[in-house]
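*Asks:* I am attaching a structure below and will ask some questions about it afterwards.
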Amino acid sequence: MTLPQRIAVTGASGLIGTALIGHLKSEGHTVQKLVRRPVVSPDEIKWDPIAGTVDLAALEGVDAVIHLAGANVGDKRWTKKYRAEILNSRLLGTTTISNAVNQVKPQVFISASAIGWYGETGNRAVSESDRPGDDFLAAVCKEWEAAADIASATRVVKIRTGLVLDPTGGALGKMLPLFRFGLGGKLGNGKQWWSWITLHDQIRAMCYLLEKQIEGPVNLTAPNPATNQEFTSALARAMHRPALFPVPGIALKLALGGFSTEILGSKKVIPQKLIDSGFNFDFPHIAPALAELIEKD
């Protein structure tokens, strides 16, 4: 956004939210964080996704709303209770924010989604025009995006984010200690496609979408997905460590339960809308991306 703007953000304390807010502030934007606890500073706005309430007076006049809040899919085993939490945290929160967006009418509403929309894709490349899959996360994403579409009074962008790479957190942050000790390796058979994006390009793409007149679903993944074998081999090379310890699929299923399907499953996702609009990725290939991230770590 070329001029300083006032931007409201949910999920501000997460990996993406923290980086996004820091970048927006460095660019001269005013950022207000939506929080569930009582506000303690002028840059906070109270909301309650369970009750369906937002302090509309405090939200009035914002130029953009970016909604990132939702329970982490990889933090806990997918018990029946946690599956409900994964869905409800997205459905209730997004419905609440969408209704608020209809009231205050910002220029743009960017709402998080995920490449889980596509389900299992095998070796087939998919883009934003493809239908949703038929597994649990695909069903969650379908309802999640439908809740974002409630905000019909403004431009809505639904960002289908892939595996976000940064050494400070997320999947890469969890993998680094194993590889440092030479205990890393492919997961399962290693042939499954991982659609990834560096945190750096994730933030650049989100800011790009604030400005560009693009709407609907947008895949936030690098243009070159990598197989798990390619990913782990590139990570091992970047860290100057061997990758000799593959993790059998059955071990992942026992350790992770339902979430193992996301690690062992294949999603070959292409960011067609970003490519077509002329967005340039700073890190389109996995090996240089991991080398840069490891060097900075």
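Yes/no per residue for (1) under 25 Å from PRO217 (Cβ atoms); (2) among the basic types (Lys, Arg); (3) touching a helix residue (DSSP H, G or I) at 6+ places or on another chain (Cβ under 6 Å); (4) buried (at least 21 other Cβ atoms within 10 Å of the Cβ):
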position: THR30; (1), (2), (3), (4): no, no, no, no
position: LYS33; (1), (2), (3), (4): no, yes, no, no
position: GLU60; (1), (2), (3), (4): no, no, yes, no
position: LYS76; (1), (2), (3), (4): no, yes, yes, no
position: ARG83; (1), (2), (3), (4): yes, yes, no, no
position: SER89; (1), (2), (3), (4): yes, no, no, no
position: GLY116; (1), (2), (3), (4): yes, no, yes, yes
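*Asks:* Which of (1) within 18 Å of the chain's Cα centre (by Cα); (2) part of a strand (DSSP E or B) does LYS46 not meet, given it meets every other one?
*Replies:* So the condition that LYS46 fails would be (1).
*Asks:* Looking at VAL65 and the list (1) more than 30 Å from THR30 (Cα to Cα); (2) outside any loop (DSSP other than H, G, I, E, B), which single condition is not satisfied?
*Replies:* Among (1) more than 30 Å from THR30 (Cα to Cα); (2) outside any loop (DSSP other than H, G, I, E, B), VAL65 violates only (1).
*Asks:* Please work out which one of (1) of a type outside the set (Phe, Trp, Tyr); (2) over 16 Å from VAL157 (Cα atoms); (3) touching a strand residue (DSSP E or B) at 6+ places or on another chain (Cβ under 9 Å); (4) in a helix (DSSP H, G or I) is the condition SER98 fails and give its number.
*Replies:* Of the numbered conditions (1) of a type outside the set (Phe, Trp, Tyr); (2) over 16 Å from VAL157 (Cα atoms); (3) touching a strand residue (DSSP E or B) at 6+ places or on another chain (Cβ under 9 Å); (4) in a helix (DSSP H, G or I), the odd one out for SER98 is (2).
*Asks:* Please go through the range 177-189 and give me each residue that is buried (at least 18 other Cβ atoms within 10 Å of the Cβ) and within 19 Å of ARG237 (Cβ to Cβ), ordered by number. Break it down into steps so the answer makes sense when it comes.
*Replies:* Taking the range 177-189 as the starting set, the residues that turn out to be buried (at least 18 other Cβ atoms within 10 Å of the Cβ) are 179, 184-188.
Those that are buried (at least 18 other Cβ atoms within 10 Å of the Cβ) and within 19 Å of ARG237 (Cβ to Cβ): PHE179, GLY184, GLY185, LYS186, LEU187.
*Asks:* How many of the residues in the range 152-177 are of a type outside the set (Lys, Arg) and not in a strand (DSSP E or B)?
*Replies:* Narrowing the range 152-177 to residues of a type outside the set (Lys, Arg): 152-154, 156-157, 159, 161-173, 175-177.
This time we only want the ones that are not in a strand (DSSP E or B), so: 152-154, 162, 167-168, 170-173, 175-177.
Adding up the residues that qualify gives 13.
*Asks:* I've got another one for you. Would you call ALA205 within 16 Å of the chain's Cα centre (by Cα), under 17 Å from LYS158 (Cα atoms) and not in a helix (DSSP H, G or I)? It would help to see each step written out before you state the result.
*Replies:* On the way: within 16 Å of the chain's Cα centre (by Cα): yes; under 17 Å from LYS158 (Cα atoms): yes; not in a helix (DSSP H, G or I): no.
Against the criterion (within 16 Å of the chain's Cα centre (by Cα), under 17 Å from LYS158 (Cα atoms) and not in a helix (DSSP H, G or I)), ALA205 does not qualify.
*Asks:* Counting only residues that are in contact with a Leu (Cβ under 8 Å, 6 or more places away or on another chain) and surrounded by 18 or more Cβ atoms within 10 Å (Cβ to Cβ), how many does the range 126-161 have?
*Replies:* Counting residues in the range 126-161 that are in contact with a Leu (Cβ under 8 Å, 6 or more places away or on another chain) and surrounded by 18 or more Cβ atoms within 10 Å (Cβ to Cβ) gives 7.
*Asks:* Select from the range 250-293 the residues that are among the β-branched types (Val, Ile, Thr) and either at pLDDT 95 or above or in a loop (DSSP other than H, G, I, E, B) (or both) and list them in ascending order.
*Replies:* Taking the range 250-293 first, the residues among the β-branched types (Val, Ile, Thr) are 250, 261, 263, 269-270, 275, 286.
Residues satisfying the conditions are VAL269, ILE270, ILE275, ILE286.
*Asks:* Sticking with this structure for a sec: Just one of ASN228, ASN224, ASN189 is touching a Leu at 6+ places or on another chain (Cβ under 6 Å), more than 22 Å from SER111 (Cβ to Cβ) and either modelled with pLDDT of 90 or more or among the hydrophobic types (A, V, I, L, M, F, W, C) (or both); which is it?
*Replies:* On the way: ASN224 fails: touching a Leu at 6+ places or on another chain (Cβ under 6 Å); ASN189 fails: touching a Leu at 6+ places or on another chain (Cβ under 6 Å).
The conditions single out ASN228.
*Asks:* Of the residues that sit in the range 1-28 and are free of Cβ contacts under 8 Å to residues at least 40 places away in the same chain and farther than 23 Å from GLY169 by Cα, which one is surrounded by the fewest Cβ atoms within 10 Å (Cβ to Cβ)?
*Replies:* We begin by selecting, within the range 1-28, every residue free of Cβ contacts under 8 Å to residues at least 40 places away in the same chain; these are 3-4, 13, 18, 21-22, 25-26, 28.
If we keep only those that are farther than 23 Å from GLY169 by Cα too, we end up with 3-4, 28.
On the way: LEU3: 7, PRO4: 12, GLY28: 10.
Of everything passing the filter in the range 1-28, LEU3 is surrounded by the fewest Cβ atoms within 10 Å (Cβ to Cβ).
The values are calculated or read from the model by the stated rules, or taken from the named source; none is laboratory data. What you see is a predicted model; the values in this text were computed from it and never measured. So basically every Cβ, Gly included, is an ideal-geometry build from the backbone, and we count neighbours across all protein chains shown.
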